[in-house]
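Chemist: Could you have a look at this structure, given as structure tokens, before my questions?
The values are calculated or read from the model by the stated rules, or taken from the named source; none is laboratory data. Because the structure is predicted, anything quoted here is derived from the model rather than measured. Here the Cβ is made from the backbone with ideal geometry for all residues, glycine too, and neighbour counts use every protein chain on show.
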Ligand code: SOE
């Protein structure tokens, strides 16, 4: 999304409903998988939730004029650009949503903040700690001017994980002892799967670590309510050479291949960690867990109880109340579809569950509130930087064959 000549195409496509509320005009950079997911979020949030501002799908940007036009038509964006710099400077854009690979996050976010825009940036925040620090500094300065910058850790927005956070904060688990997290996918099992951008260090920063590990580090720290103090790690690249994409991408893959190239990121990352309060944590991030499609699993064990969540059953939470008398105690399923559960008062009657896409609707909802109130969003760029520091410590520890590596505060 760095190059290209500016094109502006106004189509008058559905850019949001006429609610009479002040608009929040979104300009989005990128239109692949995450672009589609974020579009869905922006399109739906104001129709389901009663928001203080009305999100408008104002402009979408991508380098290929034909492809971005098709994306605009499909997802309901009013106009297109082929140069992100032009998008960032537009007067009719209030918020820049960055859905590009990690190598362009810092440059786009810094330019957008300098141009007075609010920013939403996909995870991981950046490809290095230095970039994430610069972005966080810029976001802090921009906050003084009333701007808001959020990083897109959407799994905080599953009603069940938000309920888990509430239960931990209420003290239902007591003091935490164990945090057990795994994010398991299997789309790289086939050695012929093409070497797309997620397998290139210069574009993605790291492999499973940044792509999946960033999610589970954020989710674990969010649920526990404090940052990790240090980690010991192992990483591995199982398949070191893969076919190169020969054409456009499709989902996570590419439509054709030509020749081969070197994989420059980790395929899997395994690490243990310690929270300052004393809880021990284990993390596993891999795209080689045959049969596991999008299995993000987290279990918390505390002195008074335990909670477990699995993204492949995202409307449920398992809860064991350790204070119940022994004979009848055990894990029970909480069906997280009640109106007093997070986000659910605006959705369907009890038992009518939600899915992956709704996390992006909730993300848009929460960001609109933060913008309207001028407050720091959760998670902020500072939270994204902290996760970046954990990822860097994991890589450092793995290089030293799992030496315990503290994380700078
Ligand atoms: C691919 O592993 C991927 O699309 C990630 O990039 C996303 O962050 C995750 O939500 C789903 O899986």
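Chemist: Look at residue 247 and say whether it is part of a loop (DSSP other than H, G, I, E, B), away from the ligand (no atom under 15 Å from the Cβ) and under 25 Å from residue 186 (Cα atoms).
Modeler: Judged against the criteria, residue 247 is a match.
Chemist: OK, next. If residue 40 satisfies all but one of (1) closer than 30 Å to residue 345 by Cα; (2) touching a residue at least 60 places away in the same chain (Cβ under 8 Å); (3) in contact with a strand residue (DSSP E or B) (Cβ under 6 Å, 6 or more places away or on another chain), what's the number of the condition it fails?
Modeler: Failed condition: (3).
Chemist: Also, I was wondering about something else. Go through segment 120-152 residue by residue and tally those that are within 22 Å of residue 360 (Cα to Cα), assigned to a loop (DSSP other than H, G, I, E, B) and within 16 Å of the ligand (Cβ to nearest atom).
Modeler: Of the residues in that region, 4 qualify.
Chemist: For segment 19-36, name all the residues that are within 16 Å of the chain's Cα centre (by Cα) and more than 18 Å from residue 79 (Cα to Cα).
Modeler: 33, 34 - these are the residues of segment 19-36 that are within 16 Å of the chain's Cα centre (by Cα) and more than 18 Å from residue 79 (Cα to Cα).
Chemist: Kindly indicate whether any position in segment 92-112 is out of contact with any helix residue (DSSP H, G or I) (no Cβ under 9 Å at 6 or more places or on another chain) and at negative phi.
Modeler: yes
Chemist: Consider residue 310 carefully, then state whether it is closer than 17 Å to residue 163 by Cβ and out of contact with any strand residue (DSSP E or B) (no Cβ under 7 Å at 6 or more places or on another chain).
Modeler: no
Chemist: If we keep just the residues of segment 204-244 that are part of a loop (DSSP other than H, G, I, E, B) and either surrounded by 20 or more Cβ atoms within 10 Å (Cβ to Cβ) or modelled with pLDDT under 95 (or both), which is nearest to the ligand (Cβ to nearest atom)?
Modeler: If we take residues in segment 204-244 being part of a loop (DSSP other than H, G, I, E, B) and either surrounded by 20 or more Cβ atoms within 10 Å (Cβ to Cβ) or modelled with pLDDT under 95 (or both), then 207 is nearest to the ligand (Cβ to nearest atom).
Chemist: Do we find that residue 261 is in contact (Cβ under 8 Å) with a residue 24 or more places away in the chain, part of a strand (DSSP E or B), under 30 Å from residue 67 (Cα atoms) and touching a strand residue (DSSP E or B) at 6+ places or on another chain (Cβ under 8 Å) in this structure?
Modeler: Against the criterion (in contact (Cβ under 8 Å) with a residue 24 or more places away in the chain, part of a strand (DSSP E or B), under 30 Å from residue 67 (Cα atoms) and touching a strand residue (DSSP E or B) at 6+ places or on another chain (Cβ under 8 Å)), residue 261 qualifies.
Conditions (1) touching a residue at least 24 places away in the same chain (Cβ under 8 Å); (2) assigned to a loop (DSSP other than H, G, I, E, B), marked per residue:
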| residue | (1), (2) |
| --- | --- |
| 265 | yes, yes |
| 269 | yes, no |
| 272 | yes, no |
| 278 | yes, yes |
| 285 | yes, no |
| 290 | yes, yes |
| 301 | yes, no |
| 308 | no, no |
| 312 | no, no |
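Chemist: Follow-up. Of all residues being near the ligand (Cβ under 10 Å from one of its atoms) and either under 30 Å from residue 278 (Cα atoms) or modelled with pLDDT under 95 (or both) in segment 179-195, which is nearest to the chain's Cα centre (by Cα)? Just the residue, please.
Modeler: Once the filter is applied, the top-ranked residue is 183.
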